[in-house]
Amino acid sequence: MESEFEPATVATPPPGLDVNSEDYPLSLHSESSRAISDKLQRVTGVLQDMADVVNAETAAALEGVPGEGVGGREDVAVAFAPMSPGIPPAAFGAGGPMLKQFDESTVVSRRGSTAGTPPMSVKGIGNKVAKPDYSESKIVVAMVGLPARGKSYLSNKLMIYLKWLEYDVQVFNVGQLRRTRAKQKAQQSGVKEEHNASWFSHANKQASHSREQLAHDSLEMLIQWLKDGGNVGIHGKSTLMRRASIEARVAKEPGFHLMFLESYCDDPAVIALNVALKVSSGDPDYKDLPPEEAKRDFLRRISEYEKVYETITEPHLSYVRIVNVGDRVMVSRIHGYLQSRIAFYLMNLHLKPRSIFMSRHGESQFNVEGKIGGDSLLSPRGMQYASALPALITDNIGSDAQLTVWTSTLRRTIQTADQLPYPKLTWKSLDELDAGVCDGMTYEEIEEEYPDDFANRDDDKFNYRYRGGESYRDVVVRLEPVIMELERQENILIVGHQAILRCLYAYFHNLPQDDLPYIKIPLHTVVKLTPKAYGCDEERYTLPIEAVDTHRPKPKATSPTVIPSTARQYFLKG
């Protein structure tokens, strides 16, 4: 088809005429503007013609089909919105019929494997991204609430989230300090302290003094840690009197900010669940007691705390109050970027049982050819995986369970999820790591063309950014909204890409950034994560459909081995 477009002409001034002078005719400017406007109108007309063709084909396809179009239901109208100038027709959008045709096509990817030649002045393909400077961020988060109300769960989740975003975070748990010192005392003197319910009674003056000293020492450890470079220190539970002392102490440190996090719970079911978890999860306070006796003692301990517990009512404090672990959230006097980020994250947490399924797309044509990036279609084996995936998911979640499927906007994930019988949502944020000028190349081609940068990426894969593309650090930043939404949702299946699933997996398992780019997420495998109070359970299901291995191990080191743990930490580390 011949093109209707002609090269645009630009009006030029007559020889010798100064375009900056008042004599330069304005008609030349308006003439050029009219030419450009005319071209835009013609482009819009062509796009409208394309949309009309798609509309006609769609109407013809629907005609005579029961329940659809002309020969079917009369109460269902199929209409396309009128075109806006310069905007492509909806048929070419994420859910349009043209995209569906592309997805169902069996032609090979049209993307070449050789990247465009960079300008002569450009040497190499990328650089390393420096870690964000958070040195000015100094926040004390002081926990408030009775035992068995979810404080440890909230503080642990907050720590994992902020560490994933590369803040330096540590929990200073008074209970851990108490157990550690009691253990050390028993080892040194042979005297074992009994920390039963009577030890937590406020009528026990000696024990009360010991508890206050532990709280004081824990706070001083936290403040020193912040001075040494930490960003967010999370402190153990506090009473009204202790809140005042924390406020006075933190106020002495320039640049330090204080916010309280209260976990208030009056839901008997949640409390009973937390009590059962406490006495059955290996707490050293109860390791030698029968479960029923341990439960009775722990309930007496809660009763002792209830006598002196006072919810936050001080109007001048910065705080977040979470009711029944996510049912309701109250926020007061939250200031600054990091405090707002913390508050927003906490507002999205809940304790409802759920599972998060993760699967890479089926094997793609680029996978077979050893190329990275691109927007290729599935290979024949990838199509087999897409056909087998629905049965695997329904068998492991139940046919009646609610599930939402998330995909990227790239065709290989949309194809893989096409046969799944669940609602689907497409996320641009789930698109694969952008390889920039290396998109569509093999690793061998990258090593041959850019040997220095190939070595630099192997040296520091998390921080390495492709020229015109992204680093793993960049991907973590753009995935933050996805993490927020994952915490809000219940059962989710993410059909994604290797780098994307590595980042999400590292978040749920609290893995270090250095290991993140080397997590093994094979093709044709579903990873099932079940969040628990102190970690994630994990199951993997591999379908017997062969696929290429795209994993590149960490140079001169073994790839990280993940041992999922849902156990609570009861003693100080080290």
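The values are calculated or read from the model by the stated rules, or taken from the named source; none is laboratory data. Only a predicted model underlies this, so the values are computations on that prediction, with no experimental measurement involved. Every residue, glycine as well, gets a Cβ built from its backbone with ideal geometry; the counts of neighbours run over all protein chains shown. The accessibility values were calculated without ligands, DNA or RNA, using every heavy atom of the protein model including side chains. Shrake-Rupley method; radii C 1.70, N 1.55, O 1.52, S 1.80 Å.
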Practice problem: Would you tally the residues in the range 522-537 being under 17 Å from Glu487 (Cα atoms) and open to solvent by 40 Å² or more (accessible area, probe 1.4 Å)? | Solution: 3
Quiz item: Which numbered condition trips up His509, out of (1) open to solvent by 10 Å² or more (accessible area, probe 1.4 Å); (2) without any contact (Cβ under 8 Å) to a residue 60 or more places away in the chain; (3) out of contact with any strand residue (DSSP E or B) (no Cβ under 7 Å at 6 or more places or on another chain)?
Solution: (3)
Quiz item: Is it true that some residue in the range 279-297 is in contact (Cβ under 8 Å) with a residue 12 or more places away in the chain, among the small types (Gly, Ala, Ser), farther than 18 Å from Pro353 by Cα and open to solvent by 40 Å² or more (accessible area, probe 1.4 Å)?
Solution: yes
Self-check item: Residue satisfying all of: in the range 191-200; assigned to a helix (DSSP H, G or I) and in contact with a helix residue (DSSP H, G or I) (Cβ under 7 Å, 6 or more places away or on another chain); nearest to Gly233 (Cα to Cα) among these
Solution: Phe200
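Count, please, the residues in the range 201-247 that happen to be part of a loop (DSSP other than H, G, I, E, B) and crowded, with 16+ Cβ neighbours inside 10 Å.
7
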Quiz item: Considering only the range 402-417, how many residues are assigned to a loop (DSSP other than H, G, I, E, B), open to solvent by less than 20 Å² (accessible area, probe 1.4 Å) and over 17 Å from Leu378 (Cβ atoms)?
Solution: 1
Quiz item: Could you say whether any residue in the range 468-482 is crowded, with 18+ Cβ neighbours inside 10 Å, farther than 23 Å from Ile372 by Cα and modelled with pLDDT of 95 or more?
Solution: yes
Exercise. Might you check whether a residue that is closer than 22 Å to Ser387 by Cβ, open to solvent by less than 40 Å² (accessible area, probe 1.4 Å) and either modelled with pLDDT under 80 or within 23 Å of the chain's Cα centre (by Cα) (or both) occurs anywhere in the range 553-564?
Key: no
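So, in the range 311-360, of the ones that are part of a strand (DSSP E or B) and among the hydroxyl-bearing types (Ser, Thr, Tyr), which residue ends up surrounded by the most Cβ atoms within 10 Å (Cβ to Cβ)?
Applying the filter and picking the extreme gives Ser359.
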Quiz item: Say we look at the range 418-442 and pick out the residues that are part of a helix (DSSP H, G or I) and out of contact with any strand residue (DSSP E or B) (no Cβ under 9 Å at 6 or more places or on another chain); which of these is surrounded by the most Cβ atoms within 10 Å (Cβ to Cβ)?
Solution: Ser429
Exercise. Only residues that are touching a Phe, Trp or Tyr at 6+ places or on another chain (Cβ under 7 Å) and open to solvent by 20 Å² or more (accessible area, probe 1.4 Å): list them for the range 169-179, please.
Key: Gln170, Gln176
Quiz item: Looking only at residues in the range 251-272 that are among the hydrophobic types (A, V, I, L, M, F, W, C), more than 13 Å from Thr311 (Cβ to Cβ) and in contact (Cβ under 8 Å) with a residue 24 or more places away in the chain, which one is least open to solvent (accessible area, probe 1.4 Å)?
Solution: Met259
Practice problem: Working carefully through the options Ile519, Ile494, find the one that is surrounded by 19 or more Cβ atoms within 10 Å (Cβ to Cβ), β-branched (Val, Ile, Thr), touching a strand residue (DSSP E or B) at 6+ places or on another chain (Cβ under 9 Å) and within 23 Å of Arg478 (Cβ to Cβ). | Solution: Ile494
